[in-house]
Each structure stands twice: as C-alpha cells, then as structure tokens.
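Engineer: Here's a structure for you.
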C-alpha cells in the first residue's frame, strides 16, 4: 500500500478547496487548482513571500482573456503537508480584487507528482506516492 | 505570554483580520493545529510586514500567514487558471 499524506483544508465559497502550503518555511493558504499548469502567487504577497526571480517568463492563458506573460519566480523549499519539493517555479499574477485575500494557486506542477484526491466530505487533499512500475 | 490556541479558535477570536501565527503544534501530516497569534489587524501590509522582522530574531519559528475571514466572497465563482 502506498504512503499517503492528508492535508487538512477547508472549502471556500463555491466549493473550492483551500489548503496550507509552506514556502521557504512560511505557511500560506493556496487554492487547489488542478486546471492550472503552474503555481500562481498573488502578486500582492511578494513583499512577504521570499521568492527569487527565475529569469524566465511564464505565458498564461486565463479563461476569457488573451494570453498574458508573467515573470516566473523560484521558491527554494516548497511543502504541502509533509511532501517537499525544491526549486519550484511559480508565476506572480495580479489576482482580481475580489480574490485579493487568496495567497495563490496550487497547480499541476506540484500535483502531478502524486496520485491526488480531494475528499469532499472532509475537506482534505490526499497525496499518495506514485508506485514505481516494474518493467 | 501569548495564548496558545487552536487554529479554528484564532479564526473566531480575530474574525475578518489578517494574522501572523507562530505554529506550536502540527499533526503527523504537518497540518497546523495550534499556534500563538503574533500580529493581527485589518491592514494586510502592516500585519504581514511584521512577520519577516520576527523571523530575524526567531529563525526557527514556524510562521503561518492567513486571513481569518472569507477568502472568496459569496457570489464569486472562481475559475482561475495558469497554463
């Protein structure tokens, strides 16, 4: 049986799951977004969140808008629950004013490393290790 | 001496405020369970800017920054993507 990590969150309006994530040793609240390829960080948080410019841009295709380009940042240490990844790329974006209290989006560049499940009854994100297949 | 509170109690005590909390207890999955409120208030920049200063003198502190009210206002259907 694969090991799993259970990240306790809560549902915000509309049923979206919010979970705590750790960026360079500080915890924030991100929305789980399996429709997003990358992490996104609310640009308003840049004063506090310790992220370094990655020197590249990420092209974003927001729903209902034309393509935009955002500067990519690198976060040295990133954790969700007990699952740690290093040197994660994220896009710093201007979130709509109505979403200014949201710190960021947890995208597929993290989630794709796990078998992930959202439990609607417990507001929990479950991350299971992907077993190595024998050839 | 700061009160050591459940995260849910912090949300109630400091409703609709920005808080910086030093986490004092986590579960086996590293979920924050309890903490002490270091800074709180309605001005995000003012509250959050205190966190990095605190870290300078407490480098091992486990700090949790969050807003205690609704992160997504009622009536807003979120469809954000970053492709």
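Engineer: What number, in nm² with one decimal, is the all-direction average of the projected area of the convex hull of the alpha-carbon atoms of chain A?
Structural biologist: Computing the convex hull of the Cα atoms and averaging its projections yields 9.7 nm².
Engineer: Turning to a different aspect of this structure: How big is D, in µm² s⁻¹, for region B:1-73 by Stokes-Einstein at 37 °C and 0.692 mPa s if Rh is the Kirkwood radius over C-alpha pairs?
Structural biologist: The calculation lands on 263 µm²/s.
Engineer: Further, regarding this structure: Per residue Cα convex hull volume for region A:61-135, in cubic angstrom?
Structural biologist: Per residue, the Cα convex hull of region A:61-135 comes to 180 Å³.
Engineer: Per-residue Cβ counts within 10 Å, from other chains only, averaged over A:21-28: what number is that?
Structural biologist: Across A:21-28, the average partner-chain Cβ count within 10 Å equals 5.
Engineer: Per-residue mean of other chain beta-carbon atoms within 10 angstrom of the beta-carbon, peptide B:63-76?
Structural biologist: If you average over the peptide's residues, the count of other-chain Cβ atoms is 6.
Engineer: So how far, in whole Å, is the C-alpha centre of region B:11-31 from the one of region A:83-135?
Structural biologist: 20
Engineer: Let me ask you something else. Under a point spin-label approximation (7 Å from Cα along Cα-to-Cβ), what is the residue A:46-residue A:87 distance to one decimal in nm?
Structural biologist: 2.3
Every number in this text was worked out from the coordinates using simple rules, so none of it is lab data. All values reported here derive from a predicted model rather than from experimental measurement. Using ideal geometry, Cβ is built from the backbone for each residue, glycine included, and neighbour counts are taken over all protein chains shown.
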